[in-house]
1. Would you be able to tell me the number of residues in segment 1-37 that are buried (at least 17 other Cβ atoms within 10 Å of the Cβ) and among the small types (Gly, Ala, Ser)?
2. List every residue pair whose Cβ atoms sit under 7 Å apart, with the two residues 6 or more apart in sequence or on different chains, where the first one lies in segment 65-77 and is more than 29 Å from Asp30 (Cβ to Cβ) and the second, anywhere, is charged (D, E, K, R) and modelled with pLDDT of 95 or more.
3. Starting from segment 34-57, keep only residues that are more than 14 Å from Arg102 (Cβ to Cβ), then list their pairs with residues that are assigned to a strand (DSSP E or B) and among the acidic types (Asp, Glu) whose Cβ atoms are within a distance under 7 Å, requiring at least 6 positions of separation or different chains.
4. Can you tell me which residue in segment 38-72 is surrounded by the fewest Cβ atoms within 10 Å (Cβ to Cβ), limited to those that are among the charged types (D, E, K, R) and either modelled with pLDDT under 95 or more than 29 Å from Gly92 (Cβ to Cβ) (or both)?
5. Starting from segment 4-15, take each residue that is outside any strand (DSSP E or B) and list its partners that are exposed (fewer than 14 other Cβ atoms within 10 Å of the Cβ), counting only C-beta distances under 7 angstrom and pairs at least six apart or across chains.
6. Going by the structure shown, is Leu25 over 9 Å from the mean Cα position of the chain (by Cα) and either of a type in the set (S, T, N, Q) or assigned to a loop (DSSP other than H, G, I, E, B) (or both)?
7. Of the residues Lys76, Lys86, Lys80, which single one is at pLDDT 95 or above, over 30 Å from Ala110 (Cα atoms) and outside any strand (DSSP E or B)?
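The values are calculated or read from the model by the stated rules, or taken from the named source; none is laboratory data. Keep in mind the model is a prediction, meaning the values are calculated, not measured. Methodologically, a virtual Cβ is constructed for each residue, glycine included, from the backbone with ideal geometry; neighbour enumeration extends over all protein chains shown.
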Amino acid sequence: MYAIVETGGKQYQVEEGRYVEVELLDAEKDSKIVFDKVVMIVNGKKSKVGQPYVTGASAEGTVLAHDKAKKIIVFKQRPKKGYRKKQGHRQGFTRVMINKIRTSAQKKAAAAEETTEKQGE
């Protein structure tokens, strides 16, 4: 099962147990993060497509690291004018390990399970 989530104006395919590098997030290292803008969940015949988002679905993850991507060179030049400008850029990103992808049905089942555990105590 995998999901398509939206964050930072881009869409990413996420899967449980794998990490994804997203646009730089304002979160501490080792903190939990929830992506609630789920565009699509693919699970065989139980797949869901949102309009625009799947209601009640979320992807939960842990922030592993903040880093910068490989340097790209931005070079500008005007012909016959002697104008040249060379500049480098490194885009920041956040690496997130996806722990769980939850649908509304899974959330209801987990809540029901918690209430039965509390009643049993």
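1. Total satisfying the criteria: 1.
2. Pairs that qualify, where the first residue is more than 29 Å from Asp30 (Cβ to Cβ) and the partner is charged (D, E, K, R) and modelled with pLDDT of 95 or more, are Ile73/Lys86; Phe75/Lys86; Lys76/Lys85; Gln77/Arg84.
3. Val39/Glu6
4. Only one residue tops the list, namely Lys45.
5. Pairs found: Gly8/Glu23.
6. Yes.
7. Lys80
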